[in-house]
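Novice: Shown below is the structure under consideration.
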Amino acid sequence: MRRIRVAAVGAVTLSLVLTAAACGGGSTGGSGSNEQPRTLTYWASNQGASIEVDKKVLQPELDKFEKQTGIKVKLEVVPWADLLNRILTATTSGQGPDILNIGNTWSASLQSTGALLPWDAKNLEAIGGKDRFVESALGSTGAPGQDPAAVPLYSMAYALYYNKKMFKDAGITKPPATWDELIATGKKISKDGKWGIGVEGSNLSNNIHQVFVLGKQHGADFFTADGKADFTSDGAVAAVKQYVDLMAAQKITGPGNAEYAQNQSLSDFAKNKTGMVLWQTASATFKAQGMKDDEWGVAPAPVPSGQPGAGRQTNSMVAGINLAVFKNTKNIDGALKFVKFMTSDDEQKTLNKAYGSIPPVKTAQQDPAFSDPALAVLRDTLATSAAALPQVPEESQFETVVGTAVKELFADAAAGRAVTTESVRAKLEKAQQQMPKK
């Protein structure tokens, strides 16, 4: 997802919306009962540096759509901190938009409410067909074996960003490709008030993204094949401990990072206080922090072998934004036209260039703009070494309870308390007990 954010819904909230069949769309039409509405409402997620930036990016494209179709789109850009709760409220109140952006990790959770339009073969054909989309992006559109609950709009991936000045000052000539190399690099940098790598210990979603990837590298998925929580396996415990040990054992992360939330680690990176960060599609954020493009570099995130790939060589979750339609919109045809427009080659190029993300539409990726070295790393990661977070209805609770466990372990490390295999397993056992019973 574009903005790292704290999952805002717990088991009780989600259980309330599981019974909601759908949401009434916000379309408006004429007085005649058979007249197609000529207006669609659209909740867009905050992808740019501010809501005003998003409006400047999106409004000209929405005007273009109106000129082509005669359908006006009423835009509201919703901050990430509010988006999930707004959507859940809409599923129960019937007062929601026709079309909306969702974080792709929420797809299965929102799918389970029954409020979103299923993208069956007929609906997919109306927007050009399933085969237009990159397979990894489609993997984050809903539960396996069900019709997708949304379609990919913007794709992102994690990579290792490194501060060129700090690398040069420490005599480091290339970015690390393995974790052993990353630790060695981090120790060369970690002195005189500077640190090797930044984390955001209070950012629950980012915690989940990092330990999910490390879990893959340890052969753990955090959920069983039948969707049951499996947080205490040896692989899951090892993954969480490895991440927290960047601070606790390796001491290449500053103790203050235990309290960091959204984007604080990037601020340290931009100020030459932290040499590396693991982040998703960070170029626009660095620019907003005042960094020039030639002041940072990007490389694939580390894997045990040094060569990213599938399985234990996974080095990113599939990050991104999906586009969904509320099932009870009064203008299904108009909504389908809008989704087709937003996922067209031209719009995919325009919007993803503006946001520094990768088009999930294969043909749009062929634009030379997405061959920039920084974006090429992300594009290749999505194509070859990224995995989708578990597409289960309880994903939101997973982000909350395991993300909180990791936060608490970072707090222990910052306070000088021992982080052991046993203490990690105890935190994850507590998290698993908070999950809905199946």
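Novice: Write out, first by first residue and then by second, each pair whose Cβ atoms fall under 6 Å of each other, whose residues are 6+ apart or on separate chains, and whose first residue, in the range 52-69, is in the same structural domain as residue 348 (by TED's automatic domain parsing) while the second is of a type in the set (Gly, Ala, Ser) and part of a helix (DSSP H, G or I).
Specialist: That search, which allows pairs on different chains as well, returns 57/354.
Novice: For the range 120-155, name all the residues that are out of contact with any Gly (no Cβ under 8 Å at 6 or more places or on another chain) and among the hydrophobic types (A, V, I, L, M, F, W, C).
Specialist: Narrowing the range 120-155 to residues out of contact with any Gly (no Cβ under 8 Å at 6 or more places or on another chain): 120-136, 138-139, 141-147, 151.
Result: 121, 124, 126, 127, 133, 134, 138, 143, 151.
Novice: Which one of these is farther than 25 Å from residue 204 by Cα and of a type in the set (A, V, I, L, M, F, W, C): 73, 78? It would help to see each step written out before you state the result.
Specialist: Working: 78 fails: farther than 25 Å from residue 204 by Cα.
Just a single option satisfies the conditions, and that option is 73.
Novice: Filter the range 120-137 for residues that are outside any helix (DSSP H, G or I), touching a residue at least 12 places away in the same chain (Cβ under 8 Å) and either under 21 Å from the mean Cα position of the chain (by Cα) or surrounded by fewer than 19 Cβ atoms within 10 Å (Cβ to Cβ) (or both) and give the result. Full working, then the answer.
Specialist: Going through the range 120-137, the residues outside any helix (DSSP H, G or I) turn out to be 120, 127-129, 133-134.
The next check asks that each one be touching a residue at least 12 places away in the same chain (Cβ under 8 Å); those that pass are 120, 127-128, 133-134.
Hits for the range 120-137 are 120, 128, 133, 134.
Novice: Oh, and also: Which strands (runs of 3 or more DSSP E) does the range 248-359 wholly contain that include 2 or more residues that are farther than 16 Å from residue 101 by Cα and of a type outside the set (S, T, N, Q)? Let's see the steps before the verdict.
Specialist: Working: elements: 274-280, 296-299, 319-325.
Counting at least 2 such residues, we get 274-280, 296-299.
Novice: All but one of (1) within 27 Å of residue 169 (Cβ to Cβ); (2) free of Cβ contacts under 8 Å to residues at least 60 places away in the same chain hold for residue 298, so report the exception by its number.
Specialist: Of the numbered conditions (1) within 27 Å of residue 169 (Cβ to Cβ); (2) free of Cβ contacts under 8 Å to residues at least 60 places away in the same chain, the odd one out for residue 298 is (2).
Novice: Now a separate question. Would you mind stating whether residue 335 is crowded, with 21+ Cβ neighbours inside 10 Å, touching an Asp or Glu at 6+ places or on another chain (Cβ under 7 Å) and under 29 Å from residue 145 (Cα atoms)?
Specialist: Details: crowded, with 21+ Cβ neighbours inside 10 Å: yes; touching an Asp or Glu at 6+ places or on another chain (Cβ under 7 Å): yes; under 29 Å from residue 145 (Cα atoms): yes.
Taking the combined requirement at face value, the residue satisfies it.
Novice: Right, something else. Assess whether residue 254 counts as being farther than 29 Å from residue 394 by Cβ, crowded, with 22+ Cβ neighbours inside 10 Å and more than 19 Å from the chain's Cα centre (by Cα). So that I can check it myself, show each step before the final result.
Specialist: Values: farther than 29 Å from residue 394 by Cβ: yes; crowded, with 22+ Cβ neighbours inside 10 Å: yes; more than 19 Å from the chain's Cα centre (by Cα): yes.
Spelling it out, residue 254 is indeed farther than 29 Å from residue 394 by Cβ, crowded, with 22+ Cβ neighbours inside 10 Å and more than 19 Å from the chain's Cα centre (by Cα).
Novice: Might you let me know whether the range 380-392 holds any residue that is modelled with pLDDT under 90, on the phi > 0 side of the Ramachandran plot, part of a loop (DSSP other than H, G, I, E, B) and of a type outside the set (Asp, Glu)?
Specialist: Within the range 380-392 (the criterion being modelled with pLDDT under 90, on the phi > 0 side of the Ramachandran plot, part of a loop (DSSP other than H, G, I, E, B) and of a type outside the set (Asp, Glu)), the answer is no, since none of the residues qualifies.
Novice: Can you tell me which residue among 303, 318 is buried (at least 18 other Cβ atoms within 10 Å of the Cβ), of a type outside the set (D, E, K, R) and modelled with pLDDT of 95 or more? Step through it out loud before you land on a result.
Specialist: On the way: 318 fails: modelled with pLDDT of 95 or more.
After ruling out the rest, the residue left standing is 303.
Novice: In the range 239-253, is there at least one residue being among the β-branched types (Val, Ile, Thr), at pLDDT 95 or above and in contact with a strand residue (DSSP E or B) (Cβ under 7 Å, 6 or more places away or on another chain)?
Specialist: The initial filter retains those residues of the range 239-253 that are among the β-branched types (Val, Ile, Thr), namely 240, 244, 252-253.
Checking the rest, the ones that are also at pLDDT 95 or above come to 240, 244, 252-253.
Pick out the ones that are also in contact with a strand residue (DSSP E or B) (Cβ under 7 Å, 6 or more places away or on another chain) and you get 252-253.
Within the range 239-253 (the criterion being among the β-branched types (Val, Ile, Thr), at pLDDT 95 or above and in contact with a strand residue (DSSP E or B) (Cβ under 7 Å, 6 or more places away or on another chain)), the answer is yes, since at least one residue qualifies.
Residues checked against (1) basic (Lys, Arg); (2) farther than 30 Å from residue 221 by Cα:
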residue	(1), (2)
328	no, yes
359	no, no
367	no, yes
388	no, no
401	no, no
407	yes, no
418	no, no
426	no, no
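Novice: Check off (1) free of Cβ contacts under 8 Å to residues at least 24 places away in the same chain; (2) touching a His at 6+ places or on another chain (Cβ under 8 Å) for residue 346 and give me the number that stays unchecked.
Specialist: With (1) free of Cβ contacts under 8 Å to residues at least 24 places away in the same chain; (2) touching a His at 6+ places or on another chain (Cβ under 8 Å) applied to residue 346, the lone miss is (2).
Novice: Considering each of 408, 422, 399 in turn, give the residue that is under 24 Å from residue 143 (Cα atoms) and not in a loop (DSSP other than H, G, I, E, B).
Specialist: On the way: 408 fails: under 24 Å from residue 143 (Cα atoms); 422 fails: under 24 Å from residue 143 (Cα atoms).
Of 408, 422, 399, the one residue that is under 24 Å from residue 143 (Cα atoms) and not in a loop (DSSP other than H, G, I, E, B) is 399.
Novice: Do we find a residue being among the aliphatic types (A, V, I, L, M), buried (at least 17 other Cβ atoms within 10 Å of the Cβ) and in contact with a Lys or Arg (Cβ under 6 Å, 6 or more places away or on another chain) anywhere in the range 363-380? I'd like the intermediate steps shown before the answer.
Specialist: First pass over the range 363-380, keeping only residues among the aliphatic types (A, V, I, L, M): 364, 369, 374-378.
Next, only the ones that are buried (at least 17 other Cβ atoms within 10 Å of the Cβ) stay: 364, 374-375, 377-378.
With in contact with a Lys or Arg (Cβ under 6 Å, 6 or more places away or on another chain) added as a condition, the list becomes 364.
Within the range 363-380 (the criterion being among the aliphatic types (A, V, I, L, M), buried (at least 17 other Cβ atoms within 10 Å of the Cβ) and in contact with a Lys or Arg (Cβ under 6 Å, 6 or more places away or on another chain)), the answer is yes, since at least one residue qualifies.
The values are calculated or read from the model by the stated rules, or taken from the named source; none is laboratory data. Worth saying up front: this structure is predicted, and the values here are computed from it rather than measured. Glycine gets a Cβ as well: all are built from the backbone with ideal geometry, and neighbour counts include every protein chain shown.
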